[in-house]
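The values are calculated or read from the model by the stated rules, or taken from the named source; none is laboratory data. What you see is a predicted model, and the numbers here were worked out from it, not measured in a lab. Neighbour counts run over all protein chains shown; Cβ positions are idealised from the backbone, glycine included. Just so you know, the surface numbers come from the protein's heavy atoms only, side chains and all, with ligands and any DNA or RNA stripped out. Shrake-Rupley method; radii C 1.70, N 1.55, O 1.52, S 1.80 Å.
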Amino acid sequence: ILLTSGLVLYPLNIPNYIACRVIATFLCSGEKEVDLAVQSAKAAFKIWRKKSGMERSRILLEAARIIRERKDEIATVETINNGKSVFEARLDIDTSWQCLEYYAGLAASMGGEHVQLPGGSFGYTRREPLGVCVGIGAWNYPFQIASWKSAPALACGNAMVFKPSPFTPVSTLLLAEIYTEAGVPPGLFNVVQGGAATGQFLCQHRDVAKVSFTGSVPTGKKIMELASKGVKPVTLELGGKSPLIIFSDCDIENAVRGAMMANFLTQGEVCCNGTRVFVQREILDKFTEEVVKQTKKIKIGDPLEEDTRMGPLINRSHLQHVLGFIEQAKNEGAKVLCGGDLCVPEDPKLKDGYYMTPCVLGNCKDGMTCVKEEIFGPVMSILSFDTEAEVLERANDTNFGLAAGVFTRDIQRAHRVVAELQAGVCYINNYNVSPVELPFGGYKMSGFGRENGRVTIEYYSQLKTICVEMGDVESVF
Ligand SMILES: NC(=O)c1ccc[n+]([C@@H]2O[C@H](COP(=O)([O-])OP(=O)(O)OC[C@H]3O[C@@H](n4cnc5c(N)ncnc54)[C@H](O)[C@@H]3O)[C@@H](O)[C@H]2O)c1
Ligand SMILES: C[N+](C)(C)CCCC=O
């Protein structure tokens, strides 16, 4: 997608292939447009917050139903938007409507507690919405990120202004359209387009009550700084360099499948990917041979085709950035076991696409750049280890803490190891599944706050305490 200022060309005609071409142009929202969106959300908030939880629930359920019904169409738009395979985009749309359904289920049960005090007095708490919340999204899961932020926000009675990444501006508009069709008040969910400047206007706006951000660590720090000026709470869903630990007693076939899931979804552009794959020495050769065999089989090509499993990366500069990491890895002593090259699919229509072959790096060491930094592309680094204590020490030796995984048949070891891993999301004998019932979010520099799960209600609401006196005032004066 080439972004220029200009007319919004939307809806677009869905083509039957993806290469590098302009599919839409959008105007970036400036300070004035951001203010209009916030004011419109503020007006809608006044109506929405008065609705009962049951009423909000019904509307969210209707939106979930429409997403489910339009799943194939939305997935196709997402594929054009981002480049991921349509097969995967459908899974993203599933977790999106599931998220709306989940919070619809919680909307009516939001409440506080009643506390008895001496002398018949009592207190109670009310869980109240925050107001206008801002959502700012990354480009790797555009529709899913917008759904994971807006569903709990709206369920709690808030309004939201959402800014997608300028690299993937399209699919979020479908979500806005669907909320409107489902019956939310006009302006309750607004989409503004643009990059850093638009994001900054949002974070600084005096009528914005909260910012929920998904993106990189450097941008997350800037957002936290901006929000701190208005003492606005933030949720930060940031990057990672997650460890995946494969013990020799695991089911190797499953572990190989897990490692593929942990590294190659969405062209490897996944925040929680388990890119540091620690394999116990006894099974290193066998595991590596099988993982390389499976990686070579990944079908790269037109992401709109049913059997494609890897499409193009998000843009040319990111492709070059990822290939640069592989060059550096070679220079630092890693061995390319497969992939890591520019790829020009046979289909002439795809010749300008940003394709590369998925890469497995062997002979990796903890100090190498490919092992320390988030690459955000299809690059798996394999490291060997001998003991549990050693691998735990090495797995935790990072400033990131988003996710981690462990493959073993020893159930006691599995729980012992995850208890020691410094990561917000830990997988045992699987990787990168995301049931919306479970909270998702990071430790350390991977951020704070959570998405999904019951706990997220706390991040989109505030607690009011009411103290009720049943006797006379006992004044100290
Ligand atoms: N933890 C998670 O749930 C999660 C999920 C997806 C992606 N990510 C992370 O996102 C990163 C990739 O996404 P990206 O390249 O879009 O990230 P990014 O930080 O470059 O941009 C994210 C969003 O922030 C906006 N932005 C940029 N500068 C801003 C500023 N100064 N003020 C306000 N907004 C600003 C961008 O326009 C975009 O919408 C990776 O690090 C990845 O790990 C994390
Ligand atoms: C759905 N996944 C694969 C768990 C990804 C969540 C969002 C991370 O980028």
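Among the residues of the range 67-91, what is the count of those that are within 16 Å of ligand 1 (Cβ to nearest atom) and open to solvent by 10 Å² or more (accessible area, probe 1.4 Å)? It would help to see each step written out before you state the result.
Kept after step one, since they are within 16 Å of ligand 1 (Cβ to nearest atom), are these residues of the range 67-91: 78, 81-84, 88-89, 91.
With open to solvent by 10 Å² or more (accessible area, probe 1.4 Å) added as a condition, the list becomes 88, 91.
Number satisfying all stated conditions: 2.
Let's see how each residue does on (1) out of contact with any strand residue (DSSP E or B) (no Cβ under 7 Å at 6 or more places or on another chain); (2) within 16 Å of ligand 1 (Cβ to nearest atom); (3) of a type outside the set (Ser, Thr, Tyr):
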{"site": "Asn140", "(1), (2), (3)": "yes, yes, yes"}
{"site": "Phe143", "(1), (2), (3)": "yes, yes, yes"}
{"site": "Trp148", "(1), (2), (3)": "no, yes, yes"}
{"site": "Thr180", "(1), (2), (3)": "yes, no, no"}
{"site": "Phe201", "(1), (2), (3)": "yes, yes, yes"}
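If you check Pro303 against the conditions, is it in a loop (DSSP other than H, G, I, E, B) and either modelled with pLDDT under 95 or assigned by the TED database to the domain that holds Gly215 (or both)?
Details: in a loop (DSSP other than H, G, I, E, B): yes; either modelled with pLDDT under 95 or assigned by the TED database to the domain that holds Gly215 (or both): no.
So Pro303 fails the test.
For the range 264-280, how many residues meet the condition of being surrounded by fewer than 22 Cβ atoms within 10 Å (Cβ to Cβ) and part of a helix (DSSP H, G or I)?
Residues flagged as surrounded by fewer than 22 Cβ atoms within 10 Å (Cβ to Cβ) and part of a helix (DSSP H, G or I) within the range 264-280 amount to 0.
With a cut-off of at least 2 residues that are out of contact with any Leu (no Cβ under 8 Å at 6 or more places or on another chain), modelled with pLDDT of 95 or more and surrounded by fewer than 23 Cβ atoms within 10 Å (Cβ to Cβ), name the helices (runs of 4 or more DSSP H) lying wholly within the range 123-231.
On the way: elements: 142-155, 171-182, 196-204, 217-229.
The helices (runs of 4 or more DSSP H) meeting that bar are 171-182, 196-204, 217-229.
Can you confirm whether Val211 is outside the structural domain of Val371 (by the TED database) and near ligand 1 (Cβ under 10 Å from one of its atoms)? Even if it seems obvious, please write down each step before you answer.
Values: outside the structural domain of Val371 (by the TED database): yes; near ligand 1 (Cβ under 10 Å from one of its atoms): yes.
For Val211, the condition - outside the structural domain of Val371 (by the TED database) and near ligand 1 (Cβ under 10 Å from one of its atoms) - is met.
So which of Lys46, Lys42, Lys84, Lys50 is in a loop (DSSP other than H, G, I, E, B) and closer than 28 Å to Gly199 by Cβ? Talk me through it step by step, then tell me what you get.
Working: Lys46 fails: in a loop (DSSP other than H, G, I, E, B); Lys42 fails: in a loop (DSSP other than H, G, I, E, B); Lys50 fails: closer than 28 Å to Gly199 by Cβ.
That would be Lys84, the only listed residue that is in a loop (DSSP other than H, G, I, E, B) and closer than 28 Å to Gly199 by Cβ.
Take the residues in the range 290-333 that are of a type in the set (Gly, Ala, Ser) and open to solvent by 10 Å² or more (accessible area, probe 1.4 Å); name whichever of them is nearest to Asn254 (Cα to Cα). Write out each step before concluding.
So in the range 290-333, the residues of a type in the set (Gly, Ala, Ser) come out as 301, 311, 317, 324, 329, 333.
Imposing the further condition that a residue be open to solvent by 10 Å² or more (accessible area, probe 1.4 Å) reduces the set to 317, 324, 333.
Details: Ser317: 34, Gly324: 31, Gly333: 29 Å.
That would be Gly333.
Just checking, which of Val170, Val184, Val191, Val132 is in the same structural domain as Cys99 (by the TED database), more than 18 Å from Ile66 (Cβ to Cβ) and either within 15 Å of ligand 1 (Cβ to nearest atom) or not aromatic (Phe, Trp, Tyr) (or both)?
On the way: Val170 fails: more than 18 Å from Ile66 (Cβ to Cβ); Val184 fails: more than 18 Å from Ile66 (Cβ to Cβ); Val191 fails: more than 18 Å from Ile66 (Cβ to Cβ).
Exactly one residue qualifies, and that residue is Val132.
For the range 380-399, what are the residues that are open to solvent by 40 Å² or more (accessible area, probe 1.4 Å) and of a type outside the set (D, E, K, R)?
Within the range 380-399, Thr387, Ala389, Asn399 meet the criteria.
In the range 358-379, which residue that is away from ligand 1 (no atom under 16 Å from the Cβ) and farther than 21 Å from Met445 by Cβ is surrounded by the most Cβ atoms within 10 Å (Cβ to Cβ)?
Cys359
Have a look at Ser384, Ser446, Ser434 and point out the one that is touching a residue at least 40 places away in the same chain (Cβ under 8 Å), closer than 26 Å to Cys250 by Cβ and over 27 Å from the mean Cα position of the chain (by Cα). Before you say what the answer is, go through the steps one by one.
Numbers: Ser446 fails: over 27 Å from the mean Cα position of the chain (by Cα); Ser434 fails: over 27 Å from the mean Cα position of the chain (by Cα).
After applying the criteria, what remains is Ser384.
For the range 270-287, how many residues meet the condition of being within 13 Å of ligand 2 (Cβ to nearest atom) and either free of Cβ contacts under 8 Å to residues at least 40 places away in the same chain or among the polar types (S, T, N, Q) (or both)? Show your work before the answer.
To start, the set of residues in the range 270-287 that are within 13 Å of ligand 2 (Cβ to nearest atom) comprises 270-275.
With either free of Cβ contacts under 8 Å to residues at least 40 places away in the same chain or among the polar types (S, T, N, Q) (or both) added as a condition, the list becomes 273, 275.
The qualifying residues number 2.
Criterion first (within 16 Å of the chain's Cα centre (by Cα) and farther than 30 Å from Val292 by Cβ) does Gly471 satisfy it? Give the derivation first.
Values: within 16 Å of the chain's Cα centre (by Cα): no; farther than 30 Å from Val292 by Cβ: yes.
Answer is no for this residue.
Can you go through Gly401, Gly405 and tell me which one is modelled with pLDDT of 95 or more, within 16 Å of ligand 2 (Cβ to nearest atom) and under 16 Å from Phe264 (Cα atoms)?
Testing whether each residue is modelled with pLDDT of 95 or more, within 16 Å of ligand 2 (Cβ to nearest atom) and under 16 Å from Phe264 (Cα atoms) leaves just Gly405.
Can you report the number of residues in the range 244-263 which are open to solvent by 10 Å² or more (accessible area, probe 1.4 Å) and within 16 Å of ligand 2 (Cβ to nearest atom)?
Here the count works out to 3.
Under 6 Å between Cβ atoms, which residue pairs at least 6 apart in sequence (or on different chains) link something in the range 214-238 that is β-branched (Val, Ile, Thr) with a partner that is within 7 Å of ligand 1 (Cβ to nearest atom)?
Going by the 6 Å Cβ cut-off, the qualifying pairs are Thr214/Gly137; Thr214/Ala138; Thr214/Ile145; Thr214/Glu237; Val217/Leu238; Val217/Gly239; Ile223/Cys203; Ile223/Phe213.
If I ask for residues that are among the aliphatic types (A, V, I, L, M) and in a strand (DSSP E or B), which ones from the range 106-122 would you list?
Keep residues of the range 106-122 that are among the aliphatic types (A, V, I, L, M), which gives 106-108, 110, 115, 117.
Of everything in the range 106-122, just one residue is among the aliphatic types (A, V, I, L, M) and in a strand (DSSP E or B), namely Val115.
Among Gly424, Gly441, which is the only one that is within 15 Å of the chain's Cα centre (by Cα) and open to solvent by less than 20 Å² (accessible area, probe 1.4 Å)? So that I can check it myself, show each step before the final result.
Working: Gly424 fails: open to solvent by less than 20 Å² (accessible area, probe 1.4 Å).
Answer to the selection: Gly441.
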